[in-house]
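One structure below.
The values are calculated or read from the model by the stated rules, or taken from the named source; none is laboratory data. In this text the structure is predicted, and so the values were computed from the model without any measurement. Glycine also receives a Cβ, built like all others from the backbone with ideal geometry; neighbour counts cover every protein chain displayed.
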Amino acid sequence: MTDKDFTFTIDGASVTAQPGQTIMEAADAAGIYIPRLCDHEGLRHQGSCRVCTVKAAGRSVAACTQPAAPGLVVESETPHIQAMRKSLVEMLFHEGNHICPVCEASGNCELQAMAYRLGMVEPTKLPYLEPTRPVDASHPGIALDTNRCISCGRCIRASEDVDHKGVFGYCGRGIHRRITVNGEDLAHTDAAVSDHAISGGVCPVGCIIVKRVGFRLPIGARAFDRQIIGEAIEEKRR
Amino acid sequence: MNGQADHQADAIAAVAEEAAAATGHDRHRLLDMLLAIQERCRWIPPAAVERLAASLGLTPVFIRGVASFYSFLSLEPKGKVIIRLCDDIIDRHAGLDAVLAAVTDELGISAGETTADGAVSLEVTPCIGLCDQAPAAMVNDIVLTSLTPETARHAARHLKAGKPLHDLVSPHFAGLTPQQRVHAQVASNIRAPGAVLLGEVPREAGLRRAATMEPRAIIAAIIASGLRGCGGAGFATGRKWEMAAREEASRRVVICNADEGEPGTFKDRVLLTERPHLLFEGMTIAARAIGAAEGILYLRGEYVYLRDHLEAVLAERRAAGLLGHAILGCGGFDFDIRLQLGAGAYVCGEEGALISSCEGLRGEPKTRPPFPVQRGYLGFPTVVNNVETLCHAARILDLGPDWYFAMGTAGSHGTKLFSVSGDCRAPGVYELPYGITVGELLALAGAEDAAAVQVGGPSGVMIGRDSFHRRLGFDDLATGGAIIVFNGSRNILEIVDYYLAFFVHESCGYCTPCRVGNVFLRQAIAKFRHGHASAEDVEELRTLSATIIETSRCGLGTTSPNPVLSTLSHFPLVYAAVTRPAQDGQQASFDIQSAIETARGIARRRSFVYDRDFSQ
C-alpha cells in the first residue's frame, strides 16, 4: 500500500484501491468477484452487459467502469442485485439462440456458467426472440454464428487493440445491433485463427468457433465443469 | 458491362472524396460526409464506404457501423425522393391511417418500399416535431403538414411524376428567403407569448451586457437567476458552466442541443424559427462565460428544413461582428458556431450520445464519469445546453437575475415553453411561468374533455383527471415541456404500446437492459392487450421495469418503462379490466395450437392428441 492508496468497502469487506482504479479492478485484486460478461482481462472496459451492476453509495453503477473512491460503500451480493443480474442473464439467453446441449462452447461458455452461478435453474417467463441470422462459415479456419452473440464487443476490442486489425465491428441499432465483420464475410477479412480475438478465449459464448478443434476437450473436463465462474478470482482471498 | 460498373463505382468514389475533402478529411466529421453522400447518391453505396475508409484511415466496418446507426442513412438504395410519414400516436389519432392509405394507393407501394422506377421511397418515422399540425411528413429536405388523404395523394402523384419537390411548398420557392421558406412549410402556432422568450425581445441586449462582464460574473448571474436546463433533466445551468470553466484545458466547447426528439415536443422548433438570434446570442454568452472558441448547433435530422435558415442567420451574425474574431470589438472574445445535422436518432438528445455523434461516431452515450463538462467533445470540457435554456440565459444577462428569479416557484424560476398537442382546440406553444397547474394549461388550450395527459412525453408520466391540479415545475411535475392530451375515447394500452415501440426503435442497443428488456416489456404489454394477462403479470411488469431502470446506462433506459409504471399507478383500472385469473395453474398466454404449429409443419401431419378433427 502506497500513501496514495485508499480503502473502500464491498459488502462490508475493506478493499484497498489505487487512484484511477475501477471498483471491479480493485475487487479483483482483493479476491472479490463481481459477475461480468462484457469485461475481459486485458481489454478496455465497455460497461455494456450491466451484469456487474453494483450499488455504490446507494446508486446503481457498472463496477467495471465506475472509479473506486475513498470510503465508498459498495453493495454487490445482495439478493436484490443478484436478482437483477440474473434477470439480465435471462434477457441475453432469450435474445439469442443459446441451446447449450448442441453448442460447442458448452462448459467453456461464460453465459452458461454465469447462469449457473446466479441460480438460473428453472424456465423463465420471457419469450424467445429466436434470431435466424445466417452462419458465416466462409473462413477456412473460423466459423461465426451471431445467433449466439451477446453483443459484448470483446472480439471488437481484441481485434482493434491487441491484434491491431479491426476485423469486427458493430452494425445496426437497438435490438438489431450486431457484430459484423470488415468485409462481405469472414473469408474476406484478414482474420487469422492465431488472432487473440479468435483464439485468445475472448468470445465468451459459442459465437466465434475455431474449426476442427471442436470437442477436443470433452464435456465434463471443461473450464466451468471444474469450477464455478469467478472462483479463480475468489481463490486469491482464501 | 464491367466497364460501366467500374465507371459508376468511380463516380461514387468521387462523390465520397468530395464529401471528405469538404471537411478537410477530418474523420470526426464522418456524419457530415455520410449525409452528403446520402443526399447525392440517395444511399451509402459500398464504393463510397471503401473510398471514405481509405481516405480517412478507418475500416469499412467502422463506417458501415456509423451509417447503420442512423435512420436517415441507408446502406440500401433508396428512391430519389423519400417520403417519411410521421407515425407518432398523435398523427395516428389525427388520421394517419387514411393518409397512409392514400399514399400507398397512389404510389402502389407499402411503407418500407421503393417504386420500381426508383422515383419514390415510402417510410414511416417517429415524431418529427410537428404534433401541433399532424399528420405531417418529411419529404427529403422539406416537410408537409396538416395532411389530409387528398393533399397527401396530390403530393404523392406530384412526386411520382418527377415534378420539382419544392413546388409542393410554393411555386415561388426559389424566390423566397430561407425564413419565408420555413414559414411557408410550418406554422409556429405561438398561443401564449410570455415575458422572457416569445414576447418582445430586443436584439443583442444580453450579449452587449455580457461583453462588458468578467466570465465569472456571467456565471454568477446565471446561478443567481435559478435557471435550470429546459430539456427535461433540469440541471442547474450556472453550475454546469462553472464546472466547465474550472477545468484545466486548452480548448472548451459550447454545444446547443437542438435534437428535440421527445415525442410531443416542438418548442425548440419554434425558437429556432422565431428566435434564432436569441439562441446564438445565448451560445455566445455561454462561450464567453466558460472561455470557449468553438460552438456546435446539433440540429436533429428531422429539422433539416431549418438548415438554410439557420445558416443564413449565422452568416448574418458573422458579417455583423457577432461571431468570429473580437466579437463586439472585444479583443480575445473569439467564437464561432458550426451546424451539425443529425440523421434520425432520438438517443442523440442524450448529451454523451450527442457528443459521440458530433465526433463522427455511432450515437451512443459515453461512459460517465468523466462528464462532458470535464471531458466532452474530443476530450475537451464541453457545455451542452438545450435551445430554450440558452435563450433564457441571453435574456437573464439583459434584464438581470433578480427579474428572472422572481418568476415561477420556489424550485423552478422563470418561464417555460410548453408544447401542447393532441385532443385540444389550440395545439401549439405556450410560454407560462413555472407553477401553473395542468388544469389551467388545459383550459388555455381548449382541452375540456381531456381524460389523460402525458406530461414530458413518453419518458415523463401519464396522469389522469384526479391529478390535473398538480403544478408544472421541478417542485411537482418536472417536464421538458411536452403536454400530450388524450380524451376519453383513446385506448391507454395502445398509447403505452406505441411509446414502448418507440423506445425499442430508438434504443442504441449498447446495454443489455435497454436493448433487450424493452423488447420484452413491450411483449408483456401485448399480453394485456390480447387479454392473456393475469394478476401475476402486473408484478412481472413492475419487476422488469425496475431492472431496466436500475441497470440501464443512460437516460433512455432509465425512463423507458415510465409509460408502463405511470399508467399502472394512475390508471390501474385499465389493467384490471383486461386481467383475468390464471386457470388451472396454466399461463393464459399459452396456446397449445400455436405452440405445435411448427412441429405440425415439419411432420406434415396433424396431432393425434391436440387436433380434435384428426380423422379428417
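The table below gives the values:
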item	result
Tally, over the stretch B:36-53, of residues that are surrounded by fewer than 22 Cβ atoms within 10 Å (Cβ to Cβ) and touching a Leu at 6+ places or on another chain (Cβ under 6 Å)	1
Unique match (being modelled with pLDDT of 95 or more and either acidic (Asp, Glu) or surrounded by fewer than 22 Cβ atoms within 10 Å (Cβ to Cβ) (or both)) among B:Ser534, B:Ser545, B:Ser560, B:Ser507	B:Ser545
Unmet criterion (only one of (1) more than 20 Å from B:Leu34 (Cβ to Cβ); (2) modelled with pLDDT of 95 or more) for B:Gly331	(2)
Qualifying residue in the stretch B:57-75 (condition: in contact with a Lys or Arg (Cβ under 9 Å, 6 or more places away or on another chain), touching a residue at least 40 places away in the same chain (Cβ under 8 Å) and more than 14 Å from chain A (Cβ to nearest Cβ))	no
Subset tally (residues that are over 25 Å from the mean Cα position of the chain (by Cα), part of a helix (DSSP H, G or I) and more than 10 Å from chain A (Cβ to nearest Cβ)) for the stretch B:521-559	7
Top-ranked residue in the stretch B:288-300 [being more than 14 Å from B:Thr389 (Cα to Cα) and not in a loop (DSSP other than H, G, I, E, B); ranked as nearest to the chain's Cα centre (by Cα)]	B:Leu299
Options B:Ala174, B:Ala152; residue that is over 30 Å from B:Ala116 (Cβ atoms), outside any loop (DSSP other than H, G, I, E, B) and not basic (Lys, Arg)	B:Ala174
Qualifying position, being under 29 Å from B:Gly557 (Cβ atoms) and crowded, with 21+ Cβ neighbours inside 10 Å, among B:Gly428, B:Gly481, B:Gly464	B:Gly481
Search result, residues across the stretch B:539-578 that are touching a helix residue (DSSP H, G or I) at 6+ places or on another chain (Cβ under 6 Å), in contact (Cβ under 8 Å) with a residue 12 or more places away in the chain and of a type in the set (Val, Ile, Thr)	B:Thr547, B:Ile548, B:Ile549, B:Thr551, B:Val564, B:Thr567, B:Val574, B:Val578
Test: residue in the stretch B:81-98 that is within 30 Å of B:Glu262 (Cβ to Cβ), in contact with a Phe, Trp or Tyr (Cβ under 7 Å, 6 or more places away or on another chain) and of a type in the set (A, V, I, L, M, F, W, C)	yes
3 or more residues within 12 Å of chain B (Cβ to nearest Cβ): qualifying strands (runs of 3 or more DSSP E) within the stretch A:1-85	A:53-56, A:59-62
Search result, residues across the stretch B:219-258 that are out of contact with any Leu (no Cβ under 9 Å at 6 or more places or on another chain) and part of a strand (DSSP E or B)	B:Arg228
In the stretch A:90-145, the residues that are of a type in the set (S, T, N, Q) and either outside the structural domain of A:Val193 (by TED's automatic domain parsing) or closer than 18 Å to A:Ala197 by Cα (or both)	A:Asn108, A:Ser138
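Table: residues versus (1) more than 30 Å from B:Ala236 (Cβ to Cβ); (2) of a type in the set (Val, Ile, Thr).
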residue	(1), (2)
B:Val461	no, yes
B:Arg470	no, no
B:Gly480	no, no
B:Ser489	yes, no
B:Leu493	yes, no
B:Asp497	yes, no
B:Phe502	no, no
B:Cys508	no, no
B:Cys511	no, no
